[in-house]
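Engineer: Please see the structure below; I have some questions.
Where a number appears in this text, it was derived from the coordinates with a stated rule and is not lab data. Not measured: the values here are computed from a predicted model. No Cβ is skipped: glycine too gets one built from the backbone with ideal geometry, and neighbour counts run over all protein chains shown.
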Amino acid sequence: MKCDVLTLFPGIVQAAVYESILGRATETGLVQVNVLDLRDFAVDKHNTADDYPYGGGSGMVMKPGPVFDAVDAIKSCGEPVKVFLMSPQGVVFDHRKALELSRETRRLVFICGRYEGVDERVREALVDEEISIGDFVLSGGELAAAVIIEASARLIPGVLGADESAEKDSFYDGLLDYPHYTRPAVYRDMAVPDVLTSGNHERIRLWRRKQALAATFRKRPDLLNEIELSPEDKKLLEEVESEMWGTS
Ligand code: 9D3
């Protein structure tokens, strides 16, 4: 996965990307993240990248020039590119999108806005897709771009270590996780469920699956509509539902 991040705050993206799991993946070359400072594409002596809004009003707008020039510079390499605008008005990012980006062969260009946003002509002429990471307000697109790059990169085979990736395969089946325990077996009078110390791997597997289904049913029932349940899952979920009557 090869990406370019265009930003007025390169330090934020660099810190978030290189200090994460992607540190190793960027060394092996499986993930390449190129952070470009939009100020370097400004043309005046003060390296101005933002300006007052036409029509008045508060706040500043990012000038089109530096963004167009930065994207042109990237495109001049001749590789196919896909251009994303990080924006609260975008389609909300999810696991499905992460998987799509992890399989993308084009160079991924992420434009990060600051202030009130970017000049509309950037959106019209340059942007293929607008992405948000959720319905809350950030100060800019930098952390959102880092979130998207990390979530997508970790789905590329070989990016995670063998230990982590075994989990990764089974992890995203669309259910919430089952509970985890470690030593001691009893802590402040709270015991680890017997099944986990039984050594019976089939019982453990069923218990974990049932716990995952139960957590999803209680906390995120909407997720259950998105997935295909096996006959075993349906049976476990029926147990969960019948056992729920009378409990909190
Ligand atoms: C307070 C200003 N808002 C007026 C309605 C508009 C606004 C402009 C710019 C709100 C946020 C931002 C900066 N945010 C992003 O660039 C951003 C973002 C976000 O805020 N939330 C979730 N995903 C993203 S991706 C980029």
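Engineer: Could you work out which residue, out of 108, 196, 126, moves most in a Gaussian network model of the chain, that is, has the largest mean-square fluctuation with Cα springs under 10 Å?
Structural biologist: Among 108, 196, 126, the largest mean-square fluctuation in the Gaussian network model of the chain belongs to 196.
Engineer: Here is a further query. Let me know the Kirkwood hydrodynamic radius for segment 40-110, please, with Cα pairs as the basis and the value in Å to one decimal.
Structural biologist: The Cα-based Kirkwood calculation yields 14.7 Å.
Engineer: Given an 8 Å cut-off on Cα distances and at least 6 residues of separation, report the relative contact order of segment 2-153 as a percent.
Structural biologist: Relative contact order comes out at 31 percent.
Engineer: Sticking with this structure for a sec: List the lysines whose Cα lies under 28 Å from the Cα of residue 210, skipping any in the same chain that are fewer than 8 positions away.
Structural biologist: Answer for residue 210, where 28 Å is the Cα cut-off: 97, 168, 219, 234, 235, listed by chain and number.
Engineer: Given the options 162, 42, 98, state which has the largest fluctuation in a GNM of the chain using a 10 Å cut-off (strictly under) for Cα springs.
Structural biologist: Largest GNM mean-square fluctuation: 162.
Engineer: Only sites in a loop by DSSP and with at most 10 other Cβ atoms within 10 Å count here; which trypsin sites (Lys or Arg not before Pro) in segment 1-57 make the cut?
Structural biologist: 45
Engineer: Among DSSP bridges having both ends in the chain, what percentage is antiparallel? Round to the nearest 5.
Structural biologist: About 20 percent, rounded to the nearest 5.
Engineer: Rg and Dmax of segment 70-159, using alpha carbons, in Å: what are they?
Structural biologist: 13.1, 39
Engineer: Okay, next question. In segment 190-248, which GluC sites (Glu not before Pro) are in a loop and have at most 13 other Cβ atoms within 10 Å, using DSSP for the loop call?
Structural biologist: Filter output for segment 190-248: 226, 228.
Engineer: Sticking with this one: Counting Lys and Arg as +1 and Asp and Glu as -1, what is the net charge of the other residues whose Cβ lies under 13 Å from the Cβ of residue 64?
Structural biologist: -4
Engineer: Quick one: 3J(HN,Hα) in Hz for segment 115-129, Karplus 6.51/-1.76/1.60 with θ = phi - 60°, rounded, Gly and Pro as x.
Structural biologist: 6, 7, x, 9, 3, 4, 5, 5, 4, 5, 9, 10, 8, 8, 8
Engineer: Would you mind counting up the charge near residue 15? Only other residues with Cβ under 13 Å from its Cβ, with Lys and Arg at +1 and Asp and Glu at -1.
Structural biologist: Local net charge: -3.
Engineer: Turning to a different aspect of this structure: Label segment 1-66 by shape, choosing from rounded, prolate and oblate, from the square roots a ≥ b ≥ c of the eigenvalues of the Cα gyration tensor; if a/c is under 1.5 it is rounded, and otherwise prolate applies when a/b is larger than b/c, oblate when it is not.
Structural biologist: Prolate is the answer for segment 1-66, as a/c is 1.5 or above and a/b outweighs b/c.
Engineer: Looking at segment 186-245, what % of the alpha carbon pairs are farther apart than 20 Å?
Structural biologist: Tail fraction, whole percent: 36.
Engineer: Follow-up. Where does the charge balance sit around residue 54 when Lys and Arg score +1, Asp and Glu -1, over other residues with C-beta under 11 Å from its C-beta?
Structural biologist: Here the count lands on -3.
Engineer: So which trypsin sites (Lys or Arg not before Pro) in segment 88-169 are both in a DSSP loop and have at most 11 other Cβ atoms within 10 Å of their Cβ?
Structural biologist: Answer by residue number: 103.
Engineer: Let me ask you something else. Name the most mobile residue of 44, 128, 72, meaning the one with the largest mean-square fluctuation, in a Gaussian network model of the chain with Cα contacts below 10 Å.
Structural biologist: Ranking 44, 128, 72 by mean-square fluctuation puts 44 first.
Engineer: Right, another one. Mean 1/r over all different Cα pairs, inverted: what Kirkwood radius does the chain give, in Å?
Structural biologist: Roughly 21.2 Å, rounded to one decimal.
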